[in-house]
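One structure is given below, encoded as structure tokens.
All of the numbers you see were taken from the coordinates with simple rules; none came from a lab. Since the model is a prediction, treat every value here as computed from it, not as a measurement. Cβ atoms come from the backbone with ideal geometry, glycine included; neighbour counts cover every protein chain shown.
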């Protein structure tokens, strides 16, 4: 948008702020985000318990991680959580986003309430549901809700679906907001034309709203898929990966290996796998959608 | 007249299924929050006998008092310090960087944006062990600064993106005319960039503020003593200390959510407008 400006400036002496102004942000970001990525690869080649000095170990950790069946299991579980979360959250937040985007006082009020779960910390959401679903004292334990009385988080058959639903409860508000913003950017003329042609609500939705939301769907899906790799705190508080290994996703496996089993070398190898999955996924989604801008995965923070 | 009434009636009927769906989700959102709030004012004895969704027969704030006695004010202050310092640091360095990326006409400036974009694809967990290593070597372990530095680092990419999107829309003529008047960089930043960026600053302040306030991983890994404990971690340790005192646990959750809620109420419009600009097409 400023091309006319830059061409005008060229030819004269170069004006503009000094590049040094980028330095503080770059220093902080490179030190605590880029260097640690390389550091994880380095530490994966050492034997370290988190206290002493890391000692060279070669590819021992990698051999251990790659031959451990738990690694494959946690990767598959992470992918399951990713796909289930996408299938669960996308249609829901799309429909809700379309709904709240319409004008109206009542809708605006409802939209404010919809947003509330996003303001809670993952720790708060985890502790809320842990107590709410407690088989003895929780909400579902009351006799009025007979068929719902079940140890939802303690039963390996139900725990995964329940965790995915709780994740959706926490993050659907963010995606609803994105879709709401997307819908509001659709030109009104398109709807007027559709109405003039006598198109019904369903027809309008599939022929105008959905195709027009293409970029929002890409952004939201990228956030959701890459972000789902990082659902650590919620699951940590809720189930700590249990029962057994039923909800031990990759980042949780990394944490428990490193900070509880005190095997930082092996945990670094797992962390490297996690980073590779994150970068591959972002790259694939970027290529697939022909999107030049990589979008945020800050939802997992 | 009759015609328009019929039209309204028809649109009301055709809108009914969508309202029904919206209300179902409203119930899904509200019931757990309502349960947290009513439980927080129930006495522990009544918690075991009263119906979970009924209004407490004897509402009382004893649970809140208990949470205060358990060190809540200390944790609250820690969270406030961490959030304010981390967000201020993030906004300051990001605004400088974004201004340079937008206004400095060199390939290096443009390329540096791509490096920051890369940051969005890095899962925080993948970096946490080396961060732990670095923080202990810097002798910062178990200090508030240990949480602040990485929190700011991981908030920088999204902040720079929102700022650059925003600053690109400021007409170049404004910068030119200030420069012609002999203004230096500091003056341009202070008198032009800062006042014009207020909407972007409020958006990123709220977004990052809520994220830092709620962050769990950095404090979990980088601090350990009660003196440096922040709220999300405090909630988690409360669970261990309170065990079956669920009402007190819920009181702690309510208290911890008040600052983000306040931020949201104050800056809701900015947040939604900024999200549109930052994540938009």
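The ellipsoid equivalent to the alpha-carbon distribution of chain B has semi-axes of 40, 32, 16 angstrom, derived from the gyration tensor eigenvalues as √(5λ) and listed largest first.
With a 10 Å cut-off around each Cβ of B:240-251, the average count of Cβ atoms from other chains is 2. Only Cα pairs within less than 10 Å get springs; with that Gaussian network setup on chain B, which residue of B:68, B:116, B:48 has the largest fluctuation? Of B:68, B:116, B:48, the Gaussian network model singles out B:48 as fluctuating most. At 1.567 mPa s and 4 °C, plugging the Kirkwood radius over alpha-carbon pairs of the range B:124-246 into Stokes-Einstein gives what diffusion coefficient in µm²/s? Roughly 74 µm²/s, to the nearest whole number.
Exposure proxy shown here: for A:287, A:266, A:130, A:102, the number of other Cβ atoms within 10 Å sets the order, fewest to most, as A:287, A:102, A:130, A:266. Note: relative contact order over the range B:148-281, using C-alpha pairs below 8 Å and six or more positions apart, is 36 percent.
In deg cm²/dmol and to the nearest 500, what is the mean residue ellipticity at 222 nm of chain A if only DSSP H runs of at least 4 residues count, each as -39500 (n - 2.57), divided by the residue total? Estimated from H runs of four or more residues: -18500 deg cm²/dmol. A convex hull fitted around the alpha carbon atoms of the range B:24-117 yields 174 Å³ per residue. Other protein chain C-beta atoms within 10 Å of residue C-beta, averaged over B:22-29: 5. Stokes-Einstein, applied to the Kirkwood radius of the range A:69-293 over Cα pairs at a viscosity of 0.890 mPa s and 25 °C, places its translational diffusion at 125 µm² s⁻¹. Once the Cβ-Cβ distance of residue B:145 and residue B:31 is raised to the sixth power relative to R0 = 51 Å, the FRET efficiency obtained is 0.80. With springs only between Cα atoms under 10 Å apart, run a GNM on chain A and tell me which of A:225, A:202, A:118 wobbles the most. Highest fluctuation among the options: A:202.
Take every Cα pair under 8 Å whose residues are at least 6 apart in sequence, average their separation, divide by the length of chain B, and the relative contact order is 29 percent. With all pairs of different C-alpha atoms in the average, the Kirkwood value for the hydrodynamic radius of the protein assembly as shown is 25.6 Å. Stokes-Einstein diffusion for the range B:63-121, with the hydrodynamic radius set to the Kirkwood value over Cα pairs and evaluated at 25 °C in a medium of 0.890 mPa s, equals 169 µm²/s. Normalised by the number of residues in the range A:69-293, the average gap of Cα pairs under 8 Å and 6 or more apart makes the relative contact order 27 percent. For the peptide B:176-188, the mean number of other protein chain Cβ atoms found within 10 angstrom of a residue's Cβ is 1. Comparing A:279, A:160, A:96 in a Gaussian network model of chain A where C-alpha atoms under 10 Å apart are linked, the largest mean-square fluctuation is found at A:279. Computed from label points 7 Å out along Cα-Cβ, the spacing between residue B:114 and residue B:177 is 3.6 nm.
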